[in-house]
Amino acid sequence: MDTRTWDTLVSSMKTTYVNGVGEGAVPRPVIMPLVRGELVGLIWVRPIQPGDDALTGIAALSNIAAAAGADEVVLAWETHDVATVCRLPVTGPAPCLNMVHATPDGHVLHQFPYTEELPSPGSEDEATTTLDWKPAPAPQPGGELPPPVKAAVDYAFTPMELDHPNPFGVTVVLMEDDGYTVRLTDSFDH
């Protein structure tokens, strides 16, 4: 992935987090598969129940990447949110936007810690929380990933064997039917 594409994805996720937290919730985990450097789209996890359902729901983000034949994926998630919904211990900075860039040869974990800045009482922006991005630690090649994210990374590059003339299109439809939010780029739109 070229630097410009990576910077665009990071900027997009930071903006998404600022908007989400401003509305009262961090965004759900999202996968961004790429094929030969071209972004396939953004796919957010379906509504999930705490525990095993959350683990399965996040891991299943890999399906779209596998169906597309992705050679790179980026996954983004919030440390505390994923730990809580998956009933896992919090590891690493929290609150923190995590982004992992993965290829079949390995992954690099990038972390973007932040603090929430609550508006002062009586200010015009009383309802708007903003984020103060803290210095990011150095990228971590092979950095530790929460189990469902690791599963999504691992399975993203496992070829899907569907007996269907359009395995990608049917995977998109099935994921949408399951409640995943799928936003494809124009060149991959089904």
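Counting Lys and Arg as +1 and Asp and Glu as -1 over every other residue whose Cβ lies under 10 Å from the Cβ of Trp44, the net charge comes to +3. With K and R counted +1 and D and E -1, the other residues having a Cβ less than 15 Å from that of Ala54 yield a net charge of -1. Protection proxy ranking of 157-163, 168-174, 30-36, by the mean of other Cβ atoms within 10 Å over each peptide's residues and highest first, is 30-36, 168-174, 157-163.
Computed with a 1.4 Å probe over protein heavy atoms only, the accessible surface of the chain comes to 51 Å² per residue.
For the chain, the relative contact order works out to 25 percent when only alpha carbon pairs closer than 8 Å and six or more residues apart are counted.
Taking a sphere under 15 Å around the Cβ of Ala102 and counting the other residues whose Cβ falls inside, with K and R at +1 and D and E at -1, yields a net charge of -4. Solvent-accessible area of the chain (1.4 angstrom probe, protein heavy atoms only): carbon and sulfur portion equals 51 percent.
The list (1) 17.5, 57; (2) 16.8, 61; (3) 30.3, 110 gives values of Rg and Dmax of the Cα atoms in Å, and only one came from this structure; which label was calculated from it? Label (2) holds the value from this structure. Restriction of the GluC sites (Glu not before Pro) in the range 28-133 to DSSP coil positions whose beta-carbon has at most 16 other beta-carbons within 10 angstrom yields Glu124, Glu126. With each run of n ≥ 4 DSSP H residues scored as -39500 (n - 2.57), what mean residue ellipticity at 222 nm is computed for the chain after dividing by its residue count and rounding to the nearest 500 deg cm²/dmol? Calculated at 222 nm, the ellipticity per residue is -10000 deg cm²/dmol.
The values are calculated or read from the model by the stated rules, or taken from the named source; none is laboratory data. Remember, predicted model here, so these are calculated numbers, not experimental data. Glycine also receives a Cβ, built like all others from the backbone with ideal geometry; neighbour counts cover every protein chain displayed. Ligands, DNA and RNA are excluded from the accessible area calculation, which covers all protein heavy atoms including side chains. Shrake-Rupley method; radii C 1.70, N 1.55, O 1.52, S 1.80 Å.
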